[in-house]
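Q: Below is the structure I would like to discuss, written out as structure tokens.
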Amino acid sequence: MDHSLQAKYGLKRVINASGRMSILGVSSPTDSVMEAMKQGGQQYVEIADLVDKSGDYIARLLGCEAAVVVNSASSGIALSVAAVVTAGDPRLSLRLHQEPVLKNEVVMLKGHNVQYGAPVETMVFLGGGRVVEAGYANEGRKEHIEQAIGEHTAAILYVKSHHAVQKNMISVEEAWEVAQKRGVPLIVDAAAEEDLHKYVRYSDLAIYSGSKAVEGPTSGIVAGRKKYIEWLKVQLHGIGRSMKVGKETTFGLLQALDEYQHKADNSEREKQALEALQPLGRLPGVTVRIVQDEAGRAIYRGRIQIEAAAAGMDAREVNDLLREGEIAVYTRDYGVKQGFFDIDPRPLQGDDLQVIVSRINEILGGIQE
């Protein structure tokens, strides 16, 4: 693999074993996606026409009424909230943070109000909404949402994410039942989800990342009911102007979506590749296991569990040394306080896995034969 571009600008080689993470550039699009970006970027189009036609195309693929390309799933949250609190009123949309918005409450489960690189609530506030938390950190029920709905409720926001609390939380289907019963729009943040068809069935607006499962350029999709998508498009001339999407991004995303419809399931092959980590289990204090994604997706990762007393250092220290090496190795490190980190095989390229094994071996002093 040629790392000359990184070297030109003084950047480290990075091995991404953490998954589709924004801090590392999320994913690596295919040559055909990059070619679509090149061709799209080198020609002129009427952007308003591209917004409409690309949205129509995506809506047909996803099986919903309407859609719009946005520049990230985060902006998708802000723009969706702005759409529902202004009800698409042009003056209110243009003066979003100047005029009082009376119906601005966005109800969400406490266990869904997470920090994913930015707080979900920050995106809600950016869209002119005000978060009303329902339920508890360890319990989110239908009645918690229902009891939080009042005359100022603009929407319910449901976050489907591995960052969110999974235990004792209602499903998206149950949240949808409450929304329909009470006549309140439901926004679903499904940024990293792989099933693009499911969430448009159980929401008024569903938000996906264009660069995570889909592996397109940095982008997002908001899809759902036509009325709300039209309200959202009004925001593109308000706060959305600072989140605009280039034509090259839109063409790249459309190509990635076309390819995603026919993408092979590589989970078994990726699971098999992780067997290369097993020799690390011979290091003192190290246990290697294969685990499935906590949000139930068909994603398998290698879990490196480190027992500090036997290994001579704890998981956090090993993880820090991996990240700070000459080649920066980023693991999925949510569990370091519990003594483990995970290796996500999906973004790995070339000899990445071999480098990870040799680096861990080096840090922990080598396998004792």
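The values are calculated or read from the model by the stated rules, or taken from the named source; none is laboratory data. Model, not experiment: these values are computed from the prediction. With ideal geometry, Cβ positions are generated from the backbone for all residues, glycine too; neighbour counts draw on all protein chains shown. Just so you know, the surface numbers come from the protein's heavy atoms only, side chains and all, with ligands and any DNA or RNA stripped out. Shrake-Rupley method; radii C 1.70, N 1.55, O 1.52, S 1.80 Å.
Q: So which residue, out of Gly55, Gly246, Gly183, gets the largest mean-square fluctuation from a GNM of the chain using Cα contacts under 10 Å as springs?
A: Looking only at Gly55, Gly246, Gly183, the largest GNM fluctuation is found for Gly183.
Q: Could you tell me what percent of the DSSP beta bridges with both partners in the chain are antiparallel, to the nearest 5? Please report the intermediate quantities before stating the final value.
A: On the way: 24 of 45 bridges.
So the antiparallel bridges amount to about 55 percent of the total.
Q: Also: Heavy atoms only, 1.4 Å probe, whole protein assembly: order Thr30, Thr153 by accessible area, highest first. Please report the intermediate quantities before stating the final value.
A: Working: Thr30 60, Thr153 5 Å².
Heavy-atom accessible area, descending, gives Thr30, Thr153.
Q: Can you sort Leu5, Leu236 by solvent-accessible area, 1.4 Å probe, largest first?
A: Highest to lowest solvent-accessible surface, that is Leu5, Leu236.
Q: A further question on this structure: Enter the accessible area of Arg323 (Å², nearest 10), with the probe set to 1.4 Å and all protein chains included.
A: We get 70 Å² for Arg323.
Q: Among Val69, Val336, Val84, which one moves the most in a GNM of the chain with springs linking Cα atoms closer than 10 Å?
A: Maximum fluctuation in the GNM of the chain, among the listed residues, is at Val336.
Q: Please determine, in degrees from 0 to 90 and to the nearest 10, the orientation of helix 73-86 with respect to the longest principal axis defined by the Cα atoms of the chain, where the helix direction is its Cα long axis.
A: Approximately 20 degrees, to the nearest ten.
Q: A further question on this structure: Using heavy-atom solvent-accessible surface (probe 1.4 Å) with all chains present, what is the largest-first order of Phe251, Phe340, Phe125?
A: Values: Phe251 65, Phe340 35, Phe125 100 Å².
Highest to lowest solvent-accessible surface, that is Phe125, Phe251, Phe340.
Q: On to the next question. Heavy-atom accessible area of His97 with all protein chains present, probe 1.4 Å, nearest 10 Å²?
A: For His97, the solvent-accessible surface is approximately 120 Å².
Q: Further, regarding this structure: Over 23 Å between Cα atoms: which of Lys103/Lys226; Lys142/Lys181; Lys8/Lys244 fall into that group? Before the final figure, lay out each step's value.
A: Details: Lys103/Lys226 21 Å; Lys142/Lys181 11 Å; Lys8/Lys244 29 Å.
Correct reply: Lys8/Lys244.
Q: Tell me which of Pro119, Gly135, Gly63 sits at the most positive position along the dipole axis of the stretch 53-163, charges placed on C-beta atoms (Lys, Arg +1; Asp, Glu -1).
A: It is Gly63, whose Cα lies furthest towards the positive end.
Q: Helix-derived [θ] at 222 nm for the chain: sum -39500 (n - 2.57) over DSSP H runs of at least 4, divide by residue count, nearest 500? All intermediate terms of the calculation are to be shown ahead of the outcome.
A: Numbers: 15 runs with 137 residues, N = 369.
Rounded to the nearest 500, it is -10500 deg cm²/dmol.
Q: Oh, and also: Taking the chain as the reference, fit the longest principal axis to its C-alpha atoms, fit the long axis of helix 31-41 to the helix C-alpha atoms, and give the angle between the two in degrees, 0 to 90, nearest 10.
A: 40
Q: For the stretch 1-96, state which chymotrypsin sites (Phe, Trp or Tyr not before Pro) are in a DSSP loop and have at most 14 other beta carbons lying within 10 Å of their beta carbon.
A: Of the chymotrypsin sites (Phe, Trp or Tyr not before Pro), the ones in loops of the stretch 1-96 whose Cβ has at most 14 other Cβ atoms within 10 Å are Tyr9, Tyr44.
Q: For the stretch 164-180 and the stretch 77-140, what is the separation of their C-alpha centers, rounded to whole Å?
A: 18
Q: Please compute the per residue accessible area over the chain with all protein chains in place, 1.4 Å probe, rounded to a whole number of Å². Don't skip to the answer; put the middle values down first.
A: Numbers: 17420 Å² over 369 residues.
So the chain comes to 47 Å² accessible per residue, rounded to a whole number.
Q: Go ahead and run the numbers for FRET between Lys53 and Ala328, Cβ-Cβ distance against an R0 of 41 Å, rounding to 0.05. Kindly include the intermediate steps, with their values, before the conclusion.
A: Working: r = 40 Å, r/R0 = 0.99.
The pair Lys53/Ala328 has a calculated efficiency of 0.50.
Q: When the dipole is taken about the Cα centre of the chain, and only Lys, Arg (+1) and Asp, Glu (-1) are charged at their Cβ, what size is it in debye, to the nearest 20?
A: Dipole about the Cα centre, nearest 20: 640 debye.
Q: Select from Asp342, Asp195, Asp351 the residue whose mean-square fluctuation is largest in a Gaussian network model of the chain (Cα-Cα springs shorter than 10 Å).
A: Of Asp342, Asp195, Asp351, the Gaussian network model singles out Asp351 as fluctuating most.
Q: Exceeding 29 Å between C-alpha atoms, which entries from my cross-link table qualify? They are Lys12/Lys110; Lys110/Lys247; Lys212/Lys233.
A: Working: Lys12/Lys110 38 Å; Lys110/Lys247 37 Å; Lys212/Lys233 23 Å.
Listed pairs above 29 Å: Lys12/Lys110; Lys110/Lys247.
Q: Sticking with this structure for a sec: Once fully extended, how much extra length lies between Leu11 and Glu307, figured as 0.36 nm per residue of separation less the alpha-carbon to alpha-carbon distance?
A: Result: 103.2 nm gained on full extension.
Q: Taking K and R as +1 and D and E as -1, what net charge do the other residues with C-beta under 15 Å from the C-beta of Thr218 add up to?
A: Net charge around Thr218: +2.
Q: Follow-up. Give the angle, between 0 and 90 degrees and rounded to the nearest 10, that separates the Cα long axis of helix 47-62 from the longest principal axis of the Cα atoms of the chain.
A: In the chain, helix 47-62 runs at an angle near 70 degrees to the longest axis.
Q: Antiparallel versus total DSSP beta bridges in the stretch 1-155: what percent is that, nearest 5?
A: The antiparallel fraction comes to roughly 20 percent.
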